[in-house]
Amino acid sequence: MLTKAPKQSWQEFVQCMEDCCTATEFQNWIAPIRASEGEKDELVLEVPNIFVQEYLLENFKAHLENFFPPLPSGKLPIAFEIAEPKRKETKKAAAPPPPSNDKPTSLLNPGYTFEHFIEGPSNQFVKSAAFGVAMRPGKSYNPLFIHGGVGLGKTHLLHAIGHFAQQKHKRLKVHCITTEAFINTLVDNLRNKSIDKMKRFYRSLDVLLVDDIQFLQNRLNFEEEFANMFEALINQNKQIVITSDKPPGELKLSERMIARMEWGLVANMGVPDLETRVAILQHKAEQKGLKIPHKVAFFIAERIYNNVRQLEGALNRLAAYSRMMGLDVTEEIVEGTLSELFQKAPHKRVSVDNILKSVAVMFGVRVSDICGSSRAKNVAFPRQVAMYLAKEMINDSLMKLAASFGGKTHSTLLHAWKKISNQIGNDDTLRRQIQMARRNLEN
Ligand code: ADP
Ligand code: MG
């Protein structure tokens, strides 16, 4: 329950943010938000675009929760609305205007530049590919396909290409869009019968940056429209850069689309090693004007290891706390404020051997059958299930995993994974079997 009026709490939240953000951060992300009161004590926040909403939730969730205690359901008592472009014009909000169909006003995050991207062994290759593309759009790798897990810097690098290309080549039309926003624009234009205008706009671009292509999966009609536009641009040597949470071959998209995305360079964004995580932390702390001793940065980076975004969230929380309390950052303070963010080592390491044994028992076959070459259905199916589990539960190369199945190839494993992934959707028994196997393996 909120004891204060939501708008008053919002004012207090804004004041707190003014103290603990940098001026740029505050101007970009907090100042443009308009608050009003909805039904049942709910706060309604009007944000200029989805970026602002995501940024707020990702970086300041802990603060928000202090001012707006979560409901019993765990959700915040806050509703978000994206501002109507027309209303925004009269308000002169500080945020960049939303993308229109006429002008390529890309929503590039001002902080996501190459200068602020810290290099390490995990991202050197993809960073230099990105830099090459930004230097000579359409003339090096086309398309450039960047894939990797969440919070590892794919969007950052995509925007960095946008900033750099736009600055270096002033006359080029650069446009950056999330796949979701692309689909929404497409829907709007179909509804308003302005699809030709949209096509003309997209086909006039020099550099198209598309974030999170995985959202195109299972959107058949949109996929086709996207593929057409993609080909039209590539055929004119216009640069395309795509990010995704998986490599092209693992996306559930048409063969045609996958083949197109593999035309250029496919580069992986890996998980940064400890040294790089420390360097990222120190760079971000410096940007915020926060001093953290090297030892403390190390202490945090050792405990938050597979997601840079979480590392940054931890830093924001630490910055707010140390400013509020007027304290220097020490290991004790870090333990006190961040311990719940620290990642615990997984319960138990799952191995292919364990999976094989567990699946063999479940289907009443022998491990040697699963690892053998029989294609009989009663053996081939358990084999596919085991391969599916291996890919889902073990973070290792497909080649290595497949080899553990009596020397199968990575494409056999991938095929099995795809087949089972599809089947789980409409086979309740299989879904339950897999859930059970997972639970057994994890405990
Ligand atoms: P993704 O798109 O892969 O989910 P983001 O690009 O949104 O990840 O990155 C999450 C956060 O981590 C961003 O604030 C970004 O600036 C930061 N980040 C990730 N990698 C790096 C890096 N190598 N150097 C500096 N900041 C990074
Ligand atoms: Mg992203």
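Peptide packing: for 285-297, 129-141, the average count of neighbouring Cβ atoms within 10 Å per residue gives the ranking 129-141, 285-297, highest mean first.
Evaluating 6.51 cos²θ - 1.76 cosθ + 1.60 at θ = phi - 60° for every residue in region 326-334, the Karplus couplings come out as x, 10, 6, 7, 10, 4, 4, 4, 4 Hz, glycine and proline recorded as x. Residue by residue, region 285-294 carries 3J(HN,Hα) couplings of 5, 4, 4, 8, x, 9, 9, 10, x, 3 Hz when phi is fed to the Karplus relation 6.51 cos²θ - 1.76 cosθ + 1.60 (θ = phi - 60°); x denotes Gly or Pro. Taking label points 7 Å from Cα along the Cα-to-Cβ direction, LEU71 and ASN422 give a separation of 3.9 nm.
Put simply, the amide H of GLU81, placed in the peptide plane, has neighbours under 5 Å in LEU45, GLU46, VAL47, leaving out anything fewer than 5 places away on its chain.
Ordering MET436, ALA416, ALA360 by the projection of their Cα atoms onto the charge dipole of region 352-442, which places +1 on the Cβ of Lys and Arg and -1 on the Cβ of Asp and Glu, puts ALA416 at the extreme positive end.
Take every DSSP beta bridge whose two residues both sit in the chain; close to 15 percent of them are antiparallel. The ranking of SER122, SER339 by Cβ neighbour count inside 10 Å, starting from the fewest, reads SER339, SER122. Across region 209-225, rounded Karplus estimates of 3J(HN,Hα) from the backbone phi angles (6.51 cos²θ - 1.76 cosθ + 1.60, θ = phi - 60°) give 10, 10, 9, 6, 5, 4, 6, 7, 5, 6, 10, 3, 5, 5, 4, 5, 4 Hz, Gly and Pro being marked x.
List, in the order given, every pair from LYS61/LYS291; LYS139/LYS170; LYS170/LYS288; LYS154/LYS238; LYS168/LYS291; LYS75/LYS193 whose Cα-Cα distance in the structure shown is over 26 Å. Mind showing how you got there, number by number?
Working: LYS61/LYS291 22 Å; LYS139/LYS170 17 Å; LYS170/LYS288 30 Å; LYS154/LYS238 21 Å; LYS168/LYS291 34 Å; LYS75/LYS193 38 Å.
Cα-Cα > 26 Å for LYS170/LYS288; LYS168/LYS291; LYS75/LYS193; rest within.
Dipole magnitude for region 274-341: computed about the Cα centre from +1 point charges on Lys and Arg Cβ and -1 point charges on Asp and Glu Cβ, it is near 260 debye.
FYI, it's all coordinate maths here, none of it is from the lab. Bear in mind the structure is a predicted one, so any value in this text is a computation, not a measurement. Quick reminder, even Gly has a Cβ in these numbers, built from the backbone with ideal geometry, and neighbours come from all protein chains shown.
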